[in-house]
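Okay, so here's the structure we're looking at.
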Amino acid sequence: MKAIPYGRQHIEQDDINAVVDSLTSDFLTQGPKVQEFETMFAEYVGAKYAVAVNNATSGLHLSVLALGLKKGERVITTPITFAASANCVRYAGGEVWFADIDPDTYLLDIDSVRQLIESKPEGFFKGIIPVDFAGLPVNLEEYRKLADTYGLWIIEDACHAPGGYFTDSKDKIQMCGNGNYADVGVFSFHPVKHIACGEGGMVTTNSEELFKKLSLLRTHGITKENMAEDHGGWYYEMQELGFNYRLTDIQSALGITQLVKNEAGVIRRNDIAEAYKKAFKGKIKFQELPNGTYNAHHLFVIEVEDRKGLYDFLRTQNIYAQIHYIPVHTLPYYKEIGYNDIDLTCAENYYSKCISLPMYPSLTEEEQDFVIEKVLSFMS
């Protein structure tokens, strides 16, 4: 059996053609394909605005800045995520506070967040960054109620979940990143994600004010809007200290063709997940699916007692499973700045057992059957 990774991009001829067309066009960057991609993506998730960026980490950084996070201010997030979900707060000089996860969904536990907020004086925290971990959407309606009670903003880290949704209390489907409950949503276009641009990201929002702020900060804080008539076509102003976090037309062209195929890709991911669940039910623990929730399945995670043993065994079979994630608060950088004594029992217990199995639309039934067979043979 050829090597089976935990995730991989799926590039077809239409993707290649789109990139070639972009390479032979008048614009390689800052051209029409970027805005076309932004418009399509906003429509796909149901948000009013979308801002394309060079990667999701940049999108998270811009989001905390646009929301006004200042040095020393505090933000709550999950320890079970890629480090960027927390690092973006540090980039702005803020402090990260971690709450525990739900042991069954692996999502940031709202009760743990509430207890953390209520243990501190009013105004102690400024925001919350919940993560749609593995593609499973957070119920942001519940988080919005909590955030409004304490005057907090919400950034939805939806990097794993384009195409996922939860159902709110009015029985209405809420797509990840639609901006109805979170102030902003952030997506990733890394090759192993649903939409592969090589690198890239998108920030979505329903706030015109935040959209303008994000757009300004993305491009050095420079604008030429409504200035040519008074000053000349060359004139621009740098109004804030911004960044070069732009996405190119080449990447946007690829993103457009990838986005068109995402709905079918998410359906296929769910078919793969159902096959895993059928094989493992009653034998191996996997992520719970709350009622009314549609998991976009960037990952399929199981928990096993001998995680290292299974990881090593699968590699001998050419199956390259992965671990998602080392709890952020245990990483050396965070330990060195004072996160040694946090009690996050559920997160640390999850990490001791978690392993992500192959999950991507081009995974064949034969390959998945082989993975299942090897996992069960190790467990027997």
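The set of residues in the stretch 1-24 that are under 19 Å from VAL260 (Cβ atoms) and among the aromatic types (Phe, Trp, Tyr) is empty.
Residue count for the stretch 76-123 satisfying the condition of being among the acidic types (Asp, Glu) and under 18 Å from ALA158 (Cα atoms): 2. Note on the stretch 194-236: residues that are under 19 Å from GLY179 (Cβ atoms), without any contact (Cβ under 8 Å) to a residue 60 or more places away in the chain and exposed (fewer than 15 other Cβ atoms within 10 Å of the Cβ) amount to 1.
Whenever a residue of the stretch 263-287 is over 13 Å from HIS297 (Cβ atoms), its partners that are surrounded by 12 or more Cβ atoms within 10 Å (Cβ to Cβ) and among the β-branched types (Val, Ile, Thr), lying with C-beta atoms within less than 6 angstrom and at least six residues away or across chains, give the pairs ALA279/ILE372; ILE284/ILE302.
The C-beta contact set for the stretch 333-346 (first residue free of Cβ contacts under 8 Å to residues at least 12 places away in the same chain, second residue open to solvent by less than 50 Å² (accessible area, probe 1.4 Å), distance under 8 angstrom, 6+ apart or interchain) comprises LYS335/HIS329. Have a look at VAL328, VAL304 and point out the one that is open to solvent by less than 50 Å² (accessible area, probe 1.4 Å), among the β-branched types (Val, Ile, Thr) and in contact with a Leu (Cβ under 6 Å, 6 or more places away or on another chain). Just one listed residue meets the conditions, VAL304.
So that you can scan it fast, the table gives a plain yes or no per residue for (1) under 19 Å from PRO361 (Cβ atoms); (2) of a type in the set (Phe, Trp, Tyr); (3) in contact with a His (Cβ under 6 Å, 6 or more places away or on another chain):
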residue: ASP157; (1), (2), (3): no, no, no
residue: GLY163; (1), (2), (3): yes, no, no
residue: THR167; (1), (2), (3): no, no, no
residue: ASN180; (1), (2), (3): no, no, no
residue: VAL184; (1), (2), (3): no, no, no
residue: PHE211; (1), (2), (3): no, yes, no
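Considering the stretch 74-111 alone, what residues qualify as being at positive phi and either charged (D, E, K, R) or surrounded by fewer than 18 Cβ atoms within 10 Å (Cβ to Cβ) (or both)? Selection gives GLY93 alone. Tell me whether the stretch 168-188 contains one or more residues that are open to solvent by 10 Å² or more (accessible area, probe 1.4 Å), in contact with a Phe, Trp or Tyr (Cβ under 9 Å, 6 or more places away or on another chain), modelled with pLDDT under 95 and among the β-branched types (Val, Ile, Thr). Taking every residue of the stretch 168-188 in turn, none turns out to be open to solvent by 10 Å² or more (accessible area, probe 1.4 Å), in contact with a Phe, Trp or Tyr (Cβ under 9 Å, 6 or more places away or on another chain), modelled with pLDDT under 95 and among the β-branched types (Val, Ile, Thr).
In the condition set (1) touching a residue at least 60 places away in the same chain (Cβ under 8 Å); (2) in a helix (DSSP H, G or I); (3) under 23 Å from SER207 (Cα atoms), ASP14 is compliant with all but (3). Going residue by residue through the stretch 331-345, is there one that turns out to be of a type in the set (A, V, I, L, M, F, W, C), modelled with pLDDT under 95 and open to solvent by 30 Å² or more (accessible area, probe 1.4 Å)? Among the residues of the stretch 331-345, at least one is of a type in the set (A, V, I, L, M, F, W, C), modelled with pLDDT under 95 and open to solvent by 30 Å² or more (accessible area, probe 1.4 Å), which makes the answer yes. Here THR57, THR39 are screened, and the one residue that is part of a helix (DSSP H, G or I), hydroxyl-bearing (Ser, Thr, Tyr) and in contact with a Gly (Cβ under 9 Å, 6 or more places away or on another chain) is THR57. Being within 25 Å of SER356 (Cα to Cα) and open to solvent by less than 10 Å² (accessible area, probe 1.4 Å) is a condition met by no residue of the stretch 112-122.
Out of the residues in the stretch 171-208 that are small (Gly, Ala, Ser) and in a loop (DSSP other than H, G, I, E, B), which is nearest to GLY292 (Cα to Cα)? Ranking the candidates gives GLY177 first.
For ILE250, the conditions (1) in a helix (DSSP H, G or I); (2) closer than 30 Å to ASP100 by Cβ all hold with the exception of (2).
From the list ALA296, ALA279, ALA273, the lone residue that is out of contact with any strand residue (DSSP E or B) (no Cβ under 9 Å at 6 or more places or on another chain), surrounded by 14 or more Cβ atoms within 10 Å (Cβ to Cβ) and not hydroxyl-bearing (Ser, Thr, Tyr) is ALA279.
The values are calculated or read from the model by the stated rules, or taken from the named source; none is laboratory data. Everything numeric in this text was worked out from a predicted model, so none of it was measured. When we count neighbours, we look across all protein chains shown, and the Cβ atoms used for this are built from the backbone with ideal geometry, even at glycine. Calculation scope for accessible area: heavy atoms of the full protein, side chains included, ligands and nucleic acids excluded. Shrake-Rupley method; radii C 1.70, N 1.55, O 1.52, S 1.80 Å.
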